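In what follows, a structure is listed as structure tokens, so that the remarks can point back to it.
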Amino acid sequence: MAELSVAGALAKARATLVAADTPTATLDARLLLQAVLQLDHADIISQPERRLSAAEQTQLEGYVERRLAHEPVSKILGQRDFYGRAFYVTADVLDPRADTETVIELALQAKPSPPPNVLDLGCGSGALICTLLAEWPGAAGVAVDVSAAALAVTQRNAEALGIGGRLQTLQGSWFGPVEGTFDLVVSNPPYIPSGEIAGLEPDVRWYDPHLALDGGDDGLDCYRAIAHGVNPHLAPEGVVIVEVGADQANAVTTLFAGFGLGLLGQKADLGGHVRALAF
């Protein structure tokens, strides 16, 4: 195996990904190389002549092959940044997206002082509940998911962020295992219509759990479950915040209104689509 420099390895990985029409080839190549060498971006730039060992080259080639098979970089590396923090991710959880940060932003606006109780329904990686508890040191929370594997990921992220002692995890469907009331209920539920899943990008279709994607025939089944069950678990003046699909805001607002929950605010993503609704 010919010995490669950092610059050469980066160029080779990028060229391979570009040839396969990988949309974020340059970024992906750099992140994979950084992970192999345990270097940050500045080190990659400042050490272009550093030589890779044979083991490092083999590891990088393996990562690139996985990316060519559409596996997201976050799943290859087991980590995704969300709201300025690193989260552990596995094949058992939805890969946290920037769109979901709108839920955090709306929650911080809706509850400027730390709420004593936060409930996260369908917590997945724990990105929502862990971020909120990290932002609000006085808060405590409950995370619910039907998947035991997802709850294990949430617990690991909570411990890594130092908020494990303030978080309880419960296995079950929506409000099934939940007791008591909460000042804030958050959720990024599955909202893709069942018939559209087959047309999703391979990065999503093959590597995000379908349990976290499938929202039923019209994509609204989970919102119905949340709206139907939330009132007994809302403290006085409690707030519910949900992420929605790019064209679902009106339908979800109407659905929640049917259970006496009025719209308090909304937050759009960078593309201008409303992504978070507060009731």
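The values are calculated or read from the model by the stated rules, or taken from the named source; none is laboratory data. Remember, predicted model here, so these are calculated numbers, not experimental data. Glycine also receives a Cβ, built like all others from the backbone with ideal geometry; neighbour counts cover every protein chain displayed. Keep in mind that these areas ignore ligands, DNA and RNA; they rest on the heavy atoms of the full protein, side chains included. Shrake-Rupley method; radii C 1.70, N 1.55, O 1.52, S 1.80 Å.
Structure above, values below:
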read-out	value
All positions within the range 219-234 that are out of contact with any Phe, Trp or Tyr (no Cβ under 6 Å at 6 or more places or on another chain) and open to solvent by less than 10 Å² (accessible area, probe 1.4 Å)	Y223, I226, V230
Options T24, T58: the member that is polar (S, T, N, Q) and within 23 Å of the chain's Cα centre (by Cα)	T24
Scope the range 51-68; condition assigned to a loop (DSSP other than H, G, I, E, B) and either among the acidic types (D, E) or at pLDDT below 90 (or both); matching residues	L52
Matching residues, the range 81-123, being open to solvent by 10 Å² or more (accessible area, probe 1.4 Å), in contact with a Gly (Cβ under 8 Å, 6 or more places away or on another chain) and either under 18 Å from R166 (Cα atoms) or small (G, A, S) (or both)	A110, P114, P116, N117
Any chance G216 is open to solvent by 30 Å² or more (accessible area, probe 1.4 Å), assigned to a loop (DSSP other than H, G, I, E, B) and out of contact with any Lys or Arg (no Cβ under 7 Å at 6 or more places or on another chain)	no
Subset of the range 25-42 that is outside any helix (DSSP H, G or I) and either touching a residue at least 40 places away in the same chain (Cβ under 8 Å) or open to solvent by 60 Å² or more (accessible area, probe 1.4 Å) (or both) - its residue that is farthest from Q57 (Cα to Cα)	D40
Qualifying positions in the range 189-203 - open to solvent by less than 30 Å² (accessible area, probe 1.4 Å) and touching a residue at least 24 places away in the same chain (Cβ under 8 Å)	P189, P190, P193, P202
Set V153, V204, V144: member being closer than 23 Å to F82 by Cα and modelled with pLDDT under 95	V204
Residue that is nearest to P96 (Cα to Cα), among those in the range 69-81 that are among the aliphatic types (A, V, I, L, M) and part of a helix (DSSP H, G or I)	V73
Filter result for the condition that a residue is closer than 17 Å to G122 by Cα, surrounded by 18 or more Cβ atoms within 10 Å (Cβ to Cβ), at pLDDT 95 or above and in contact with a Gly (Cβ under 7 Å, 6 or more places away or on another chain), over F182, F279	F182
Out of Q47, Q57, sole residue that is farther than 24 Å from W206 by Cβ, open to solvent by less than 60 Å² (accessible area, probe 1.4 Å) and in contact (Cβ under 8 Å) with a residue 24 or more places away in the chain	Q57
Enumerated strands (runs of 3 or more DSSP E) restricted to the range 85-184, each holding at least 2 residues that are charged (D, E, K, R)	none
Pick from the range 243-276, criterion free of Cβ contacts under 8 Å to residues at least 40 places away in the same chain and either hydroxyl-bearing (S, T, Y) or in a strand (DSSP E or B) (or both), ranking: most open to solvent (accessible area, probe 1.4 Å)	T254
Long-range neighbours under 6 Å by Cβ, at least six apart or interchain, first residue loosely packed, with under 13 Cβ neighbours inside 10 Å within the range 1-18, second of a type outside the set (S, T, N, Q) and not in a helix (DSSP H, G or I)	E3/R51
